[in-house]
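Below you'll find the structure, written out as structure tokens, and then a few comments.
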Amino acid sequence: MEKELFVTKYRWPVIIVCLLLAGVMGFQLRKMEIIADPLFMFPAKMPSRVNTDKIEHIFGSNNVLFILFEAEDVLDKGTLLRVQTISQELARTAGVDNVLSLFDTKNIRGEDGAMIVEPAVNAIPQTAAEREALRKSLTDNELASQVVVSKDFKVTAILLTLNLDASKQDVYQAVRKTVDASPGEEKVLIGGIPAFQTVIVGSITHDILILIPGALLIILAVLYAFFRQIRGIVLPLCVVVLSTAFGMGILPLMGWKMTLITAILPIMVVAFSNNYCIYLIARYQDLSAASPHLPRKQIAADVFKGLSQPILFSGLTTMVGLLGMIFHVIVPAKQIGIAAAIAIGFSIMTSLGGIPAVLSLLKPPKENPKASRNSLLFLDKGLRKTAEIILRYPKIVLLVSAFTAVVGVGLAMRINVDANQENLFGKNHPINRCTRLINSHFGGSQNLSILFESDVKEPRFLTKLESYKDQFQRMPGVGQVTSIADVIRIMSKALNDADDPGYNKLPETRDAVAQYLELYSMSANPEDFERLVDFNYEKAQLVVRINDAATPVVNAIIGKIQDIAETDKELVTFGGWAAMYAELAAAILKGQITSILIALCAIAILVMLMFRSAAAGLLSSAPLVFAIIIGFGAIGALGIHLDMATALITSIVIGTGVDFSLQFVWRYRSIRQEGVSCEDAVKKTFSTVGRAIVFNAVCLTLGLGVLILSSIPPLRYFAILFGVLTLACMFGTLIVVPALCLVCKPRYLEPVNLENRNQNPTRR
């Protein structure tokens with residue numbers, strides 16, 4: 001008597017263990033933290049991050065929060081009163097190191113041969129004449145014009161520099177509260193790195209709480225349309241929910257945070273765990289239809305026996321493929337690879353253990369499962385027609401597929417890698433509207449900081465800084481360039497008449513520079529320059545403001561800095577957010593290529609070991625390569641940037657694609673082992689597992705297509721590319737793989753006793 005399977009003999013313990021494990025891991029979610037700090041994505045030893053940290057510890061943080069006020073005339077009394085009130089209140093806000101507004105910016109002027117330093121707005125004008133006098137003063141003031149007020153006086157800014165250890169979210173919320181507490185007619189926009197990071201947290205939370213459940217509902221609707229059975233909906237839903245809870249629970253358990261990138265984790269788990277469920281339910285329906293009088297335990301056992309090996313093997317290859325992400329330079333990408341691989345392992349256990357265990361408790365469906373087939377006759381006809389075309393023209397099919405791949409490679413050459421954070425929001429989002437105003441009127445929202453070490457008071461060095469400023473300002477994407485040399489030159493205008501030789505020029509001697517600085521310290525605080533020069537005047541910072549943060553533009557500016565560094569030994573290093581994002585873009589491309597190659601190689605080797613054939617690895621990889629090429633071609637054709645989110649999609653598709661191909665090949669081989677001819681084996685494989693593959697691909701494409709409604713553009717692009725790549729995997733599996741089987745006839749797929757059958761053709 002055949003021994004009863006573990007999953008049916010101990011079905012209740014199996015079900016309880018699955019629920020308990022998911023419950024324990026899901027309980028960890030109470031400790032989940034959402035963080036949007038970009039530094040979390042950069043490895044601690046990444047050069048641009050190390051350099052930025054070094055510069056910030058000398059000159060202070062580069063985290064600047066912009067508060068913009070739009071009005072017909074920002075010199076209106078009411079507007080100025082509002083700006084003054086808010087800036088004074090924000091100066092007392094925890095985490096704010098420095099406030100710069102019209103009332104904090106300095107106006108350096110000369111009076112009777114003396115240097116006078118006073119606020120740019122010393123008093124709020126009461127009359128039209130006073131307002132026009134102030135307008136002229138601000139226009140002539142290089143420290144105010146296009147720094148805290150636009151040339152047309154329609155926008156004014158308050159710039160908050162945060163402490164190095166400040167909570168960006170707390171400061172942002174405090175700013176919002178302060179602004180709301182001082183209402184006015186002006187339109188207020190808040191932007192800058194801290195604003196980006198805070199708002200994106202809300203967007204991630206919204207998408208997780210709204211869109212993921214929406215995706216599940218759509219998937220359930222598609223499952224019902226395919227299976228027409230409640231169990232065909234409930235069981236996959238349970239496995240998906242349990243696996244997602246388990247996978248997400250790994251993050252807080254390991255002390256990892258939820259970021260924009262790790263928000264993709266539940267999508268990955270939904271995709272993979274749904275795969276295994278669909279194959280099991282489809283097999284259950286086939287067995288129920290073929291043998292409706294078999295005991296429920298026997299049907300469940302047959303489902304397990306027929307699919308345990310292919311699901312286990314495809315799951316293992318998927319896990320290996322995902323673990324290739326640990327070679328990615330982006331920290332959250334590594335975490336996703338590990339968490340997703342563990343979650344997939346749990347979903348395999350739950351699918352192979354839990355689903356047969358539950359099915360063994362349920363009575364076989366009373367209705368004929370073929371009823372669902374009658375409602376999808378178009379699918380059966382389509383699969384039969386596809387199989388017939390492949391059987392008739394296998395070589396032509398391969399040639400067309402190869403041509404399509406070549407076109408995909410050509411389109412992929414147009415891909416633009418861009419890690420610019422401005423792409424995280426739509427063009428009309430308030431954050432991006434604020435960014436456009438900053439880029440247009442105030443030099444740019446991002447910066448590159450260049451560190452020099454020298455005798456800063458030397459005219460030679462100051463002249464060099466001015467020369468570099470002229471060079472950078474002629475480059476596309478550069479808004480403003482600022483250094484201590486600008487301040488010294490402004491002082492010369494205050495201490496010299498317009499017709500004097502030294503007017504608007506750097507002093508010719510070091511002593512003269514020192515005298516200028518001494519005169520300034522007599523009228524104002526010398527710490528006003530602490531963001532441009534250190535206390536000992538041995539280190540200086542040249543700040544290049546970027547008004548076009550597209551990665552190719554930033555790379556050109558960085559290239560210029562590197563060229564200067566080759567000949568100027570006083571240029572120590574450079575950093576800043578723009579530099580870090582540019583390096584992140586390069587890391588994305590490098591990590592993408594590395595993780596894909598490692599995953600493909602690991603999967604190919606694993607499949608070779610499974611089937612004990614080198615050809616097996618190549619055959620199983622064919623649809624993956626096809627899908628990756630089509631996916632990258634779609635990215636190039638649609639003009640989608642390869643960024644933090646879209647760069648990880650191939651890791652998901654590799655897992656889906658290898659699952660499709662292994663299920664098809666495994667079923668094809670098992671049919672061939674029964675002595676069925678190649679042609680008939682292809683037809684039978686299409687009519688069985690082929691249907692499940694189509695179900696799977698359509699279900700995931702439609703379900704996760706709900707992310708098109710995401711508030712985050714990269715996730716919308718992710719949804720589009722996920723659909724394209726999933727369907728490409730499906731077509732690659734259903735077209736390329738059978739064509740290769742027919743043309744190449746891999747030996748590992750042939751019946752073991754093929755030679756005997758060749759000698760006795762009647763057995764076919």
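Read-outs: derived from the displayed coordinates by stated rules, not from any lab. Remember, predicted model here, so these are calculated numbers, not experimental data. Because the Cβ atoms are built from the backbone with ideal geometry, glycine has one as well, and the counts that use them run over all protein chains shown.
List of remarks:
- Amide H contacts of M258 (H built 1.01 Å from N, in plane; Pro and chain starts excluded): E33, I34, I35 sit under 5 Å, all sequence-distant by 5 or more or on other chains.
- Dipole of the stretch 241-366, positive direction: furthest Cα of G249, V329, T259, with charges on the beta-carbon: G249
- From the coordinates shown, semi-axes √(5λ) of the Cα gyration tensor in Å corresponds to which of (1) 49, 45, 30; (2) 65, 27, 21; (3) 94, 25, 21: (2)
- Percent of alpha-carbon pairs separated by more than 21 Å within the stretch 564-633: 52
- Cross-link table K297/K363; K151/K493; K684/K745; K334/K427; K151/K464; K168/K590, entries beyond 19 Å C-alpha to C-alpha: K151/K493; K334/K427; K151/K464; K168/K590
- Distance between modelled label sites at V743 and K363, nm, 7 Å Cα→Cβ extension: 5.3
- Cα Rg over Rh - the stretch 183-285, Kirkwood: 1.17
- Here the stretch 1-88 is treated as a sphere whose radius is the Kirkwood value from Cα pairs; by Stokes-Einstein at 37 °C and 0.692 mPa s it diffuses with a coefficient of 161 µm²/s.
- Length gained on full extension, E750 to Y393, computed as 0.36 nm times the residue gap minus the Cα-Cα distance: 126.4 nm.
- As a calculated quantity, the FRET efficiency between T85 and S523 at R0 = 41 Å, using C-beta atoms, amounts to about 0.95.
- Projecting the Cα atoms of I735, V544, A604 onto the dipole axis of the chain, where Lys and Arg carry +1 and Asp and Glu carry -1 at the beta carbon, places I735 farthest toward the positive end.
- For the pair the stretch 238-306 / the stretch 487-516, the C-alpha centres are spaced 75 Å from each other.
- Across the stretch 632-727, counting alpha-carbon atoms alone, Rg and Dmax equal 16.7, 54 Å.
- If R0 is taken as 41 Å, the Cβ-Cβ distance between N163 and L20 corresponds to a FRET efficiency of 0.35.
- Under 17 Å from a label point set 7 Å out along the Cα-to-Cβ vector of L379, the amide N atoms of the stretch 229-246 belong to 229-237.
- Here's how it looks for D97: its modeled amide H is under 5 Å from those of T161, L162, N163, which are all 5 or more places away or on a different chain.
- Nearest-0.05 FRET efficiency for D53 and L209, computed from C-beta distance (R0 41 Å): 0.75
- As a rough guide to protection, the peptides 569-578, 216-225, 20-29 ranked by mean Cβ packing within 10 Å, highest first, stand as 569-578, 216-225, 20-29.
- Mean separation of Cα contacts under 8 Å, 6 or more apart, over the residue count of the stretch 78-205: relative contact order %: 30
- Taking M248, M475 and counting other C-beta atoms within 10 Å, the order from fewest to most: M475, M248
- Helix runs (DSSP H) in the chain reaching 30 Å along axis by Cα, Kyte-Doolittle at least 0.0: 231-253, 265-290, 296-323, 577-611, 614-638, 649-672
- Rounded Å value of the spacing that divides the Cα centres of the stretch 459-473 and the stretch 147-216: 35
- Spacing of the modelled spin labels on M413 and A94, each 7 Å from Cα toward Cβ, amounts to 5.8 nm.
- Zone of K31's modelled label, taken as backbone nitrogen in the stretch 300-335 under 18 Å from a point 7 Å along Cα→Cβ: 335
- Inter-centroid distance (Cα atoms) of the stretch 55-117 relative to the stretch 611-626, Å: 64
- This ranking places L160, L323, L81 by how few other beta-carbon atoms lie within 10 Å of each, fewest first, which gives L81, L323, L160.
- Label-point separation in nm, V400 to A514, each point 7 Å along Cα→Cβ: 8.4
- Exposure proxy shown here: for M46, M258, M413, the number of other Cβ atoms within 10 Å sets the order, fewest to most, as M413, M46, M258.
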